[in-house]
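The values are calculated or read from the model by the stated rules, or taken from the named source; none is laboratory data. Computed from a predicted structure; not experimentally measured. Virtual Cβ from ideal backbone geometry, glycine too; neighbours counted across all protein chains shown.
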Amino acid sequence: MTIPTSNRPGVIVPALTLAVFTIISLLTPAFAQSVSNTTAKKTHTSSIDSTSTPLSESERQRSAAWSLTDTEWRRYQSLLLGIRGSISPANLSPIEVLGIHARDDAERQRFAERWARAMRDDAERILAFQQAYDTAAKRLFSGQTLIDVGKLHTLPQKTSELQPDDRILFFTGVKCPACDAMLVKLLSRMESVAGIDIYIDDVPGNDDDDIRAWAEDHGIERAWVGSRRVTLNHDGGALEKITNDSPERPALYVRRNGQLSALSYAEL
């Protein structure tokens, strides 16, 4: 069967074909809408899956150690895929990463307070261990100084430029304005050397608490002492043993490869 579709003689379209075209034209809008809805549904489902996938056991342990929610931990991991993971040190904490990339002032303040508490707690732990160490050292090595200067070879010549493995010995007094001025310059060079050993003279009663109070008054952070970047010691005649004299303070020396060299203020 054929149905004429034009006034032009001989131009005909099969009836079945015409019917198919008619059905498609009627269904096309609904079909397109169905496809759109299906695609949107799949996209939404994929988005949900990407944020609801359970953390691994290792991830849960690490997020719990920092008191982070699953959402915060996922955001932290996502941020590491960008510039933060490329330019920051590997030991940058998750709290710092989230705080640096805070999305508003309230979130920034929240992570800043959390980091401040964490640092405070850690400083207290370090100080508690330092006090335990001081007590143990006094009990085990009573009357002995941290450095046996008799076993060191003192070199009269001046040292060369400070090196990363150097340790600076600084001899100061409790009431010594000139020493205080030198200490400020010395602490500014702390990142250039392995550490600073401070020997303090004229401490009343050789009291460790007085030394800690002196250190706090002079801007020496507890974390430096806890990590041994800075050591606090009673002089106990150490400087006299080095110089074989009654030296004046402040005095600076550098310990390098088991040898001591005099160090001037200008060389700091």
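Filtering region 247-267 to residues that are within 15 Å of Ala181 (Cβ to Cβ) and part of a strand (DSSP E or B) leaves Ala251, Leu252. Within the set Asp197, Asp207, Asp202, Asp245, the sole residue that is out of contact with any Leu (no Cβ under 8 Å at 6 or more places or on another chain), farther than 25 Å from Asp121 by Cα and in contact (Cβ under 8 Å) with a residue 12 or more places away in the chain turns out to be Asp202. Would you tally the residues in region 215-260 being modelled with pLDDT under 90, among the polar types (S, T, N, Q) and within 14 Å of Phe170 (Cβ to Cβ)? Residues meeting the conditions: 1.
Report yes if Leu239 is assigned to a strand (DSSP E or B), in contact (Cβ under 8 Å) with a residue 24 or more places away in the chain and assigned by TED's automatic domain parsing to the domain that holds Ile196, otherwise no. It is false that Leu239 is assigned to a strand (DSSP E or B), in contact (Cβ under 8 Å) with a residue 24 or more places away in the chain and assigned by TED's automatic domain parsing to the domain that holds Ile196.
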